[in-house]
1. Quick check on segment 381-396. Is at least one of its residues crowded, with 24+ Cβ neighbours inside 10 Å, farther than 21 Å from residue 110 by Cα and within 16 Å of the ligand (Cβ to nearest atom)?
2. Select from segment 334-362 the residues that are on the phi > 0 side of the Ramachandran plot and within 11 Å of the ligand (Cβ to nearest atom) and write down the one among them that is nearest to the chain's Cα centre (by Cα).
3. Residue 179 passes all but one of (1) more than 13 Å from the ligand (Cβ to nearest atom); (2) in contact (Cβ under 8 Å) with a residue 12 or more places away in the chain; (3) surrounded by fewer than 21 Cβ atoms within 10 Å (Cβ to Cβ); (4) part of a loop (DSSP other than H, G, I, E, B); which number fails?
4. Only residues that are surrounded by fewer than 22 Cβ atoms within 10 Å (Cβ to Cβ) and assigned to a helix (DSSP H, G or I): list them for segment 468-504, please.
5. Tell me, please, whether a residue that is closer than 24 Å to residue 339 by Cβ, crowded, with 23+ Cβ neighbours inside 10 Å and within 16 Å of the ligand (Cβ to nearest atom) can be found in segment 153-163.
6. Return the residues of segment 183-202 that are surrounded by fewer than 15 Cβ atoms within 10 Å (Cβ to Cβ) and away from the ligand (no atom under 16 Å from the Cβ); say none if nothing qualifies.
7. If we keep just the residues of segment 262-294 that are within 13 Å of the ligand (Cβ to nearest atom), in contact with a strand residue (DSSP E or B) (Cβ under 9 Å, 6 or more places away or on another chain) and assigned to a helix (DSSP H, G or I), which is farthest from residue 372 (Cα to Cα)?
8. Determine, yes or no, whether residue 331 is part of a helix (DSSP H, G or I) and within 18 Å of the chain's Cα centre (by Cα).
Ligand code: GLU
């Protein structure tokens, strides 16, 4: 392979093979001489990249300059090359479908459906303990996502600023661990769900707050961090603001947090020399940091991406800090619903009183859901619905099995490769007559009617090879379609006749006379039949 690559590179340099830029040109031009600029940007957006992505800055600037020199706003091969060459690696990755969600548009269509579904929900109460929260309309609803490759999708009120509130807790914990390491941070804070309300005046048996996701733990955590520019880096320099009004109101109405503060002070929970009241101020300020759904999705994506911000490539947090944070979000992030959320959704998340849910699909994407109405436990009603629906649709639950063929969608890159592998395994087992392998595939709910690039099914192959037992298994146990046509129009019966496999011809003919597509539907009975046959 080394030699092969060297060979390819030399041929490319010598102009024998088309350059990456030319390949990209041909891909997008679709046979035309020129690419209109809007065609390029439309194709780009379909991959999930944004024209404002910092990683495409050079390309976009060059595009702007170059377009001024054209009369028709279109790029020929030469101009196109000039525009794309400084970001060619990322662009090639995008158009060759090398991103974590290769088929981004269909995935986004699913997200939009889930969004619409949750939009219809009307329950819940907007928090009203301070006027800055009470003023939000209960109709606001937004979902934004950012993958670990920086693919973006956003739907609803995604540009409205709101306060992170408790969604900031995992972030400041991550910063504390990044700065000081796990051992030091956990001298002051536990790692166990409290089983108590988030703002309870209570410590664990060692007189430490239970974990950094409840107020007591988060207040102590605040005393361990200093710098704020972390927030900007986490969000890839997208919108991070501050609501001074919220800060003032939180402080004025924060009696409970003051009580916790004094209790923590009495129990010596802070590092030596800490000024408790200024830490409380800092705590209220952190709650009052403003984000938009869009910018917060980048923060979540940084957590999904092991601490590297996907759109700037900057390493913001240590892997240790991210792993700890995700673990504690998983067990303690959703108030008194944390256990159930871990059970049903199986993903790390943190919600806040402003209606945000910061959701992480590790190694895939970060999502921010935002809608102000909260359920009795303090979680966004629409947000919870969305998270639950997402995991019913896609195999994102931490304990969803990725290897066997569950019925959920796998939008990840490996999903595609897996499908190809599965056809090959299936047809190979049919070719060799390995009924036990076929039984295993059927049990793991593999689609037994899958076709290869010639539209050949396992039944075609088994019939052509004369594997009577395989043919019987596919027909009777799996109830596959007995008359699929391959790309030459041949059915399994044609194959069996052609190769003179009389036993197979008989099985197919007998089955055919019984089989009636109108009858109860073969698929519905398939599982029942499998139980009997396996
Ligand atoms: N400012 C609120 C508090 O500290 C945050 C509430 C929340 O989002 O859970 O009580």
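What follows draws every value from the coordinates through simple rules; no lab data is involved. Keep in mind that what you see is a predicted model, and the values were worked out from it rather than measured. Cβ coordinates were reconstructed from backbone atoms using ideal geometry, including for glycine residues, and neighbour counts include every protein chain displayed.
1. No: segment 381-396 contains no residue that is crowded, with 24+ Cβ neighbours inside 10 Å, farther than 21 Å from residue 110 by Cα and within 16 Å of the ligand (Cβ to nearest atom).
2. Step one: filter segment 334-362 for residues on the phi > 0 side of the Ramachandran plot, giving 335, 346, 355.
Remaining after also requiring within 11 Å of the ligand (Cβ to nearest atom): 335, 355.
On the way: 335: 23, 355: 20 Å.
Only one residue tops the list, namely 355.
3. So residue 179 meets the others, but not (4).
4. 468, 469, 472, 476, 477, 493, 494, 497, 498, 502, 503, listed by residue number.
5. If we filter segment 153-163 for residues that are closer than 24 Å to residue 339 by Cβ, which is where we start, we get none.
The answer is no; no qualifying residue exists.
6. 183, 184, 187, 192, 195
7. Selected residue: 285.
8. So residue 331 fails the test.
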